[in-house]
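Below: one structure, written as structure tokens.
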Amino acid sequence: MIFLLGRKVPHSLGYRLKKTVVMVGMMGAGKTAIGTALAKRLDVPFLDSDAEIERAADRTVAEIFDRDGEAFFRTKETQVIARLLQGERGILSTGGGAFLAAGNRDLIAQYGVAVWLKADLDLLWQRVRHKDTRPLLRTANPFATLAEIKAVRDPIYAEAALSVTAAPELSIAEMATRVVNVLADHRDILEVS
């Protein structure tokens, strides 16, 4: 059983996704993990813009940053997001910086809907502190860098059409349910039968 709009309902509900749902938010917010669970729940494809960029470049995001720079990466990111948004409806996870570009926000608003996964600094730090795959955190004080990035980005993430707050005690499945509940409040995005 899951809870939908305060009621217990079977997990086997039928869903019809009407727009691509784009997961946005800070590194460590759970965009990929929750997005994957959400896609399974809704029986739609899961796409990850960073994974698509890595596949096309045959390099990791960190390697692209090191070799070609952030500006080059951001250009490729916009191209990939545009292509993915115009394909089959599904769940799209974006890199933490993708939503910062006004052009990307416009694309997402035109072809999909942005869902901001909000998470506090302590939760983000717990999730990213042992990973060396975050190029922006390769600094002398990664915690302070994360805090600075969050302070700059949160007001932009707040422009997302919808938001869901992460909590450390919630599982990935519980967070996916929270997102489904928010989407179900908008029949132009998700129809539940």
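Over the chain, what is the mean sequence separation of C-alpha contacts under 8 Å (at least six apart), divided by residue count, expressed as relative contact order in percent?
34
Could you state the principal axis extents of the C-alpha atoms in the chain, from the largest down, to the nearest angstrom?
49, 35, 28
Given the chain, what percent of its DSSP beta bridges are antiparallel, to the nearest 5?
30
Just want the answer: with Cβ charges of +1 for Lys and Arg and -1 for Asp and Glu, which residue in 171, 60, 73 is farthest toward the dipole's positive end in the chain?
171
Starting from the eigenvalues of the Cα gyration tensor, five times each then square-rooted, give me the equivalent ellipsoid semi-axes of the range 91-193, largest first, whole Å.
26, 18, 11
Quick one: grab the alpha carbon gyration tensor of the range 19-80, order the square roots of its eigenvalues as a ≥ b ≥ c, and give me rounded if a/c is under 1.5, else prolate or oblate depending on whether a/b is larger than b/c.
Prolate shape, in that a/c is at least 1.5 and a/b is the bigger ratio.
Based on DSSP H assignment, which helices of the chain show an axial Cα extent of at least 15 Å together with a mean Kyte-Doolittle hydropathy greater than or equal to 1.0?
172-184
So what is the calculated 222 nm ellipticity per residue for the chain, using -39500 (n - 2.57) for each DSSP H run with n of 4 or more, over all residues, to the nearest 500 deg cm²/dmol?
-14500 deg cm²/dmol
Longer than 21 Å from Cα to Cα, which of 40/76; 18/118; 76/118; 18/76; 118/150 are they? Say none if no pair is.
40/76; 18/118; 76/118; 18/76
Any read-out appearing in this document is the output of simple, stated calculations on the displayed coordinates, not a laboratory observation. Since the model is a prediction, treat every value here as computed from it, not as a measurement. Cβ atoms come from the backbone with ideal geometry, glycine included; neighbour counts cover every protein chain shown.
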